[in-house]
Every structure is written in C-alpha cells, then in structure tokens.
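J.: The structure's right below; bear with me while I get my questions together.
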Amino acid sequence: MKPLNRPSQTDYQAVIRSPPETVDDAHDFLSGVWDQRPDVSSAERMAVETILSELVTNVIQNNPHREIFCDVRVQVTPTQLIIETSDTGDEAPAPQPDADMPEHHAEHGRGLPLIYLLADEVDHRWQESRNLWRVTRARAVPPPQ
Amino acid sequence: MSYPIDELDPDVGVIRVDGRLNMVTAGQLKDTVIEAVAAGRQRLVIDLTKATFMDSSGLGALIGALKTARAAGGDLRIAGANEQVLMVLQLSNMDRILRPYETPESAFAD
C-alpha cells in the first residue's frame, strides 16, 4: 500500500493495488488514520471501517483475475466523515439506495445495504473509466457548553 | 489453513476466530466448519472474543457455516462479539438468526 501524499490534518489517502494487496490493507490504512485522530469516536470508527471495507471488497470481488488500483481517501472534518474510493475496475452496477437486505439464508448481497444504513449520502459515478464512490456520514454535534 | 477448534464438552466444539473476519478470512472459517462437521461435530460455537472486525463477507461466512451445521442435523451459535460485530448483526437483522451469546460456555446452555 502506497501513501499518496503526506497526510494533512483532515485528509488521508492511500493506493491499494490488488493483487497482491487485499482489503486488509484498507484496514491497516485506517488504523494509521485513527492513530492521528483520537477525536474520532469509537462509533464513528466502526462505521467508517465497515463502509470502507465494503467498498474495497466490492472492487476486488467485482474484478477477479485482474489487477486493480483503488485510491482510498478519508476526510475527517468537524462535521463530516467522508470516504472516497476511485478504482480502475469494471464499471460497478448502479447502486440501489432502497435495496433491502437479502433473505436470511443469503451469503452475499449485504454490503451496499450496510453502507446505506451507515451513511447519510452515497454517490457513485463512472468517470474516465473509473468508479468514483463518495460516502458521507455526519458527525455527532457536541452538546453546547 | 483452519481456525483452531477446542472441545467445550464432548458435544460442543469451539472455533476461535482471531483478527478480522472479512473476505480474506471468510473461506478459512467456512472450511473450518466443513471440516468440523465432517469430523462429526454437530454443535459448534464460533468464539468471536478475539475477532476485531466483521463485514458482510464475514457475516456471509457465518451464515454459510450455520447452514453447513444445520444441514448435518446440528447447530451453530456465536459468542463474544464486540461492538462492531454486534452493529453489523443488528443492522442486517441477522442477530435474530445468529443470536449473540456472551461466552462460548453460555451458547448451548439452554
């Protein structure tokens, strides 16, 4: 995994190349982000890690037998957590915002519904032969002093 | 590679998952359960005490493992899930199918 730049205080980026890298590299990237951002709560970390894991897993699973590059970006602002990916894989199917969870016995198909449940906004575009995902989650507003 | 299996009592095997349960390790869990069922273990507990994270791939592996155990006439339960694992189970409504128990010892106490 290659860091794209020197991280700023709000903007963290990396590139995942798979194979050989896996979704574990996305988790390791996030661990580095949390080390620098102790202000991000446990609940926020759980949501961001789950969203990012689902996004990167989809990229890898949708492109078997080929190498993909997936740029990963996490922005931490006082009001929002923004997760973005940009990948070189095939065009992903258009997401269905109102898709239900699959039936209980299904072993697949819960990734995107989970993302929608954890996010406030989900946007997918196919642009210049890349899938661009932008997922936003509002941060809890601290109570007034 | 398989996860280690301990014997809780002669009827109950405990599969101890360590680290992340995601697309990298989902197959490992399913294979471990298939091997355990083939070896005659009908009641299995997936001990998630040391599992740090689970996504939908990991959840899919748990569902596959449950199906494997039930197809053989047995059952499979989960224990020791952390907050993130519980969140995924609840959001997906799978906590009703894979009811989380606090400890492996309590999973088949009923």
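What follows is calculated from the coordinates using simple rules that are stated; it is not laboratory data. Owing to the predicted nature of the structure, the values given are computational and were not obtained by experimental measurement. As a convention, Cβ positions derive from the backbone with ideal geometry for all residues, glycine included, and neighbour counts pool all protein chains shown.
J.: Suppose every K and R has +1 on its Cβ and every D and E has -1 on its Cβ; what is the size of the dipole of the protein assembly as shown about the Cα centre, in Debye to the nearest 20? Display every interim value, and only then the final one.
T.: Numbers: 24 positive and 39 negative charges, 35 e Å.
Once rounded to the nearest 20, the dipole reads 160 debye.
J.: Run through the range B:33-110 and list the GluC sites (Glu not before Pro) located in a DSSP loop whose Cβ has at most 11 other Cβ atoms within 10 Å. Write out the running numbers ahead of the final one.
T.: Working: sites: B:GLU35, B:GLU83, B:GLU102, B:GLU105; in loops: B:GLU102.
Hits after loop and neighbour filter: B:GLU102.
J.: Can you list which of the GluC sites (Glu not before Pro) found in the range A:11-72 are DSSP loop residues with at most 12 other C-beta atoms within 10 Å? The partial results should precede the final answer.
T.: Values: sites: A:GLU21, A:GLU44, A:GLU49, A:GLU54, A:GLU67; in loops: A:GLU21, A:GLU67.
Counting only loop positions with at most 12 other Cβ atoms within 10 Å, the GluC sites (Glu not before Pro) in the range A:11-72 are A:GLU67.
J.: Measure nothing but the geometry: give the 0 to 90° angle between the long axis through the Cα atoms of B:26-38 and the longest principal axis through the Cα atoms of chain B, rounded to 10°.
T.: Roughly 20 degrees between the two axes.
J.: I've got another one for you. Evaluate peptide A:49-62: per residue, the Cβ atoms of other protein chains within 10 Å of its Cβ; return the mean as an integer. Before the final figure, lay out the partial values.
T.: Numbers: counts 5, 8, 1, 1, 9, 5, 0, 3, 7, 3, 0, 2, 2, 0.
The per-residue average across the peptide is 3.
J.: Does the range A:1-117 classify as rounded, prolate or oblate by the C-alpha gyration tensor (a ≥ b ≥ c root eigenvalues; a/c under 1.5 gives rounded; else a/b over b/c gives prolate, otherwise oblate)? Walk me through the numbers on the way to the answer.
T.: Working: a/c = 2.03, a/b = 1.24, b/c = 1.63.
In terms of gyration-tensor shape, oblate.
J.: By count of other Cβ within 10 Å, fewest leading, how are B:VAL14, A:VAL59 ordered? If you can, show how the numbers build up before the last one.
T.: Values: B:VAL14 23, A:VAL59 26.
Result, fewest neighbours first: B:VAL14, A:VAL59.
J.: Follow-up. Report the antiparallel proportion of the DSSP beta bridges in chain A as a percent, rounded to a multiple of 5. Could you put the intermediate results ahead of the total?
T.: Details: 32 of 32 bridges.
Counting only bridges with both partners in chain A, antiparallel ones make up about 100 percent.
J.: Could you calculate, for the range A:95-145, the ratio of the Cα radius of gyration to the Kirkwood radius, expressed as Rg to Rh? Numbers along the way, then the final one.
T.: On the way: Rg = 14.9 Å, Rh = 13.2 Å.
Reported Rg/Rh, Kirkwood definition of Rh: 1.13.
J.: If each residue's Cβ is checked for other Cβ atoms within 10 Å, how do A:TRP34, A:TRP126 rank with the fewest at the top? Before the final figure, lay out the partial values.
T.: Values: A:TRP34 18, A:TRP126 12.
With the sparsest Cβ surroundings first, the list reads A:TRP126, A:TRP34.
J.: Using a 10 Å cut-off around each Cβ of peptide B:52-64, what is the average number of partner chain Cβ atoms that fall inside? Please list the in-between numbers first.
T.: Values: counts 2, 7, 2, 13, 16, 10, 1, 5, 7, 1, 1, 7, 3.
Rounded to a whole number, the mean comes out at 6.
J.: So, one more: R0 = 35 Å: FRET efficiency of B:MET1 with A:ALA138, Cβ-based, nearest 0.05? Intermediate values should be presented prior to the final figure.
T.: Numbers: r = 41 Å, r/R0 = 1.16.
The value I calculate is 0.30.
J.: Residue by residue through B:14-25, how many Cβ atoms from other chains fall within 10 Å of the Cβ on average? The partial results should precede the final answer.
T.: Numbers: counts 0, 0, 0, 0, 0, 2, 5, 0, 9, 11, 6, 1.
That average works out to 3.
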